[in-house]
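Written out below as structure tokens is the structure these notes cover.
Any read-out appearing in this document is the output of simple, stated calculations on the displayed coordinates, not a laboratory observation. What you see is a predicted model; the values in this text were computed from it and never measured. Here the Cβ is made from the backbone with ideal geometry for all residues, glycine too, and neighbour counts use every protein chain on show.
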Amino acid sequence: MISCRDCMQALNPYIDRELDDDDIAHVRQHLDDCRGCLHLYRFQESVRRLVRVRCQEQSAPESLRARITMSWAMERERKEQRRRPRGLQPD
């Protein structure tokens, strides 16, 4: 089982569906066993949903959307080059 610290570090990649199947299983198991981490996960997930809904209500200028799209593409490429997050190995 992973520690709370490791779970906290993995929450954003977990929410973004960036973890492999083994790491997803470790995070899910920890969330099933740890109410504190589960509370934080639920909070982060609800904030993301709120932002998603609010962002759909307004339209960003095309120049901003193009810059964001380019930044996302660059970040995806960087993430593909990185190894998986440290500390997600079971204890």
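Observations
- By other beta-carbon atoms within 10 Å, ranking Cys4, Cys34 with the fewest at the front produces Cys4, Cys34.
- Available extension along the chain between Arg78 and Asp20 is 19.2 nm, counting 0.36 nm per residue and deducting the alpha carbon span.
- Each Lys and Arg Cβ is given +1 and each Asp and Glu Cβ -1; about its Cα centre, the chain then shows a dipole of about 400 debye.
- Dividing the summed helix terms, -39500 (n - 2.57) for each DSSP H run of n ≥ 4, by the number of residues in the chain produces a 222 nm estimate of -25000 deg cm²/dmol to the nearest 500.
- The relative contact order of the chain, computed from alpha carbon pairs under 8 Å that lie at least 6 residues apart in sequence, is 49 percent.
- Taking trypsin sites (Lys or Arg not before Pro) as exposed when DSSP calls them loop and at most 11 other C-beta atoms lie within 10 angstrom, the chain has its longest site-free stretch at 18-81.
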